[in-house]
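Trainee: Below: one structure in structure tokens.
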Amino acid sequence: MLASSDENGLCYVETKNLDGETNLKIKKVHSDMQEAFHEEKVLLTVEGEVTCEKPNNAIYKFEGTAQIK
């Protein structure tokens, strides 16, 4: 996440299990990101690249990076 409208950088992410059960998990934006992208006009100008692993069967692990220019 780059930013949240919450002043503390919190947001809720809906997750879904394989059996269909859904939950809301609280996530927090890293403070550096929240500070850098606090205005919508700044978010609209962000350029970068997201690199992540190819689809696989490791459902409890995800590896990826975001490089912002």
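Trainee: For a quick check: sort 52, 11 by the number of other beta carbons within 10 angstrom, fewest at the front.
Mentor: Details: 52 10, 11 16.
Lowest to highest Cβ neighbour count: 52, 11.
Trainee: Which of rounded, prolate or oblate describes the chain when judged by the alpha-carbon gyration tensor and an a/c cut-off of 1.5?
Mentor: Details: a/c = 2.78, a/b = 1.38, b/c = 2.01.
In terms of gyration-tensor shape, oblate.
Trainee: Applying the Karplus parametrisation 6.51 cos²θ - 1.76 cosθ + 1.60 with θ = phi - 60° to the phi angles of the stretch 52-69, what ³J(HN,Hα) value in whole Hz is obtained for each residue in order, glycine and proline being reported as x?
Mentor: 3J(HN,Hα) across the stretch 52-69, in whole Hz: 9, 5, 6, x, 8, 9, 8, 6, 9, 9, 9, 10, x, 9, 10, 10, 9, 7.
Trainee: Could you pull out the longest piece of the chain with no exposed loop GluC sites (Glu not before Pro) in it, calling a site exposed if DSSP puts it outside H, G, I, E, B and it has at most 13 other Cβ atoms within 10 Å?
Mentor: Numbers: sites that count: 7, 21, 39, 47, 53, 63.
For GluC sites (Glu not before Pro) (loop position, at most 13 other Cβ atoms within 10 Å), the longest site-free span of the chain is 22-38.
Trainee: Sum -39500 (n - 2.57) across every DSSP H segment of at least 4 residues in the chain, then divide by the residue count to get the 222 nm mean residue ellipticity, nearest 500. Before the final figure, lay out the partial values.
Mentor: Values: 2 runs with 10 residues, N = 69.
When only DSSP H runs of four or more count, the value is -3000 deg cm²/dmol.
Trainee: Please state the charge dipole magnitude for the chain, taken about the Cα centre, from unit charges on C-beta atoms (+1 on K and R, -1 on D and E), reported in debye and rounded to the nearest 20. Don't skip to the answer; put the middle values down first.
Mentor: Working: 8 positive and 13 negative charges, 43 e Å.
Dipole magnitude for the chain comes out near 200 debye.
Trainee: Can you work out the Karplus-derived ³J(HN,Hα) for every residue in the stretch 41-48? Use 6.51 cos²θ - 1.76 cosθ + 1.60 with θ = phi - 60°, whole Hz, and x for glycine or proline.
Mentor: 5, 5, 4, 5, 9, 5, 10, x
Coordinate-derived values only; no laboratory data. As the structure is a computational prediction, the values presented were derived from the model and not from experiment. Note that we place each Cβ from the backbone using ideal geometry, even for glycine, and neighbour counts take in every protein chain shown.
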